[in-house]
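**Student:** Sharing a structure below in structure tokens format, with a few things to ask.
The values are calculated or read from the model by the stated rules, or taken from the named source; none is laboratory data. Here the structure is a predicted model, which is why all the values come from computation and not from measurement. Here the Cβ positions follow ideal geometry from the backbone for every residue, glycine too, while neighbour counts run over all protein chains shown. Side chains are part of the model used for accessible areas, which takes the heavy atoms of the whole protein and leaves out ligands, DNA and RNA. Shrake-Rupley method; radii C 1.70, N 1.55, O 1.52, S 1.80 Å.
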Amino acid sequence: MDQGNNFQAVRDVLKAAHFAAERHSAQRRKGTAAEPYINHLLEVAELVSGALAEPDTNLVIAALLHDTVEDVGVTKQELDQTFGTDVANLVMEVTDDKSLPKRERKRLQVLNAPKKPVRAQVIKLADKISNLRAILASPPADWSVRQRLEYIEWAKEVVDALSAPDQGLKAEFDRLYDKAGSLHKLGRP
Ligand code: ZN
């Protein structure tokens, strides 16, 4: 095993983690716990790295950076220059077009899910797992049960539309979805 190459991968991942921590430093998760946003990014990156059968450092880096364009105005060009074209392209594959209304962005996520490259689908699925966990553990204070349920159902639509979901991650998503089933009882009028 080549220790030198391994260590370069560690450096690259940490560079991305540091970049993400800095750029998202003012951002908190929506839930009442208001965790630092980097918690979400580290969780998604860990889920992605755990799912991979073969090492894919760029995919772990893209997972750390997956919300930088959408949430904190980083450009594709900056990602390209700092982390390379492969990482920049992966991030763009999981970035919504913020010029569109929210409803349309949500519709497009379902529509486009099956067309996404397999690697982008891994990030998508890990992202939805992290968000579902957050909604179950610490829902936003201003979200009604109905809003939570709507989010969960939409997330399931996106995940079910993926053409090549990682099976381990899919199982984790489905487990959380079943757990969220108890919310339905609360949501009934
Ligand atoms: Zn995310």
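**Student:** In the stretch 23-53, which residues are acidic (Asp, Glu) and surrounded by fewer than 19 Cβ atoms within 10 Å (Cβ to Cβ)?
**Tutor:** GLU35, GLU46
**Student:** Filter the stretch 101-114 down to the residues that are away from the ligand (no atom under 16 Å from the Cβ) and basic (Lys, Arg), then identify the one that is least open to solvent (accessible area, probe 1.4 Å).
**Tutor:** Of everything passing the filter in the stretch 101-114, ARG107 is least open to solvent (accessible area, probe 1.4 Å).
**Student:** In the stretch 33-63, how many residues are outside any loop (DSSP other than H, G, I, E, B), charged (D, E, K, R) and away from the ligand (no atom under 12 Å from the Cβ)?
**Tutor:** Looking only at that region, the number is 1.
**Student:** Which condition number does HIS66 fail, the rest of (1) part of a loop (DSSP other than H, G, I, E, B); (2) more than 11 Å from the ligand (Cβ to nearest atom); (3) under 16 Å from the mean Cα position of the chain (by Cα) being met?
**Tutor:** It fails just one condition, (2).
**Student:** If we scan the stretch 14-23, do we find a residue that is of a type outside the set (D, E, K, R), within 13 Å of the ligand (Cβ to nearest atom) and out of contact with any helix residue (DSSP H, G or I) (no Cβ under 8 Å at 6 or more places or on another chain)?
**Tutor:** No, the stretch 14-23 contains no residue that is of a type outside the set (D, E, K, R), within 13 Å of the ligand (Cβ to nearest atom) and out of contact with any helix residue (DSSP H, G or I) (no Cβ under 8 Å at 6 or more places or on another chain).
Conditions (1) within 16 Å of the ligand (Cβ to nearest atom); (2) among the β-branched types (Val, Ile, Thr), marked per residue:
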| position | (1), (2) |
| --- | --- |
| ASP96 | yes, no |
| SER99 | no, no |
| LYS116 | yes, no |
| LEU125 | yes, no |
| ILE135 | yes, yes |
| SER138 | yes, no |
| ALA155 | yes, no |
| ARG175 | no, no |
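**Student:** Right, something else. Could you tell me which numbered condition PHE83 fails, if it satisfies all but one of (1) open to solvent by less than 50 Å² (accessible area, probe 1.4 Å); (2) within 20 Å of PHE7 (Cβ to Cβ); (3) within 15 Å of the ligand (Cβ to nearest atom)?
**Tutor:** (3)
**Student:** Do we have ASN89 as modelled with pLDDT of 95 or more, of a type in the set (S, T, N, Q), open to solvent by 40 Å² or more (accessible area, probe 1.4 Å) and closer than 27 Å to ILE61 by Cβ here?
**Tutor:** Yes: the conditions hold for ASN89.
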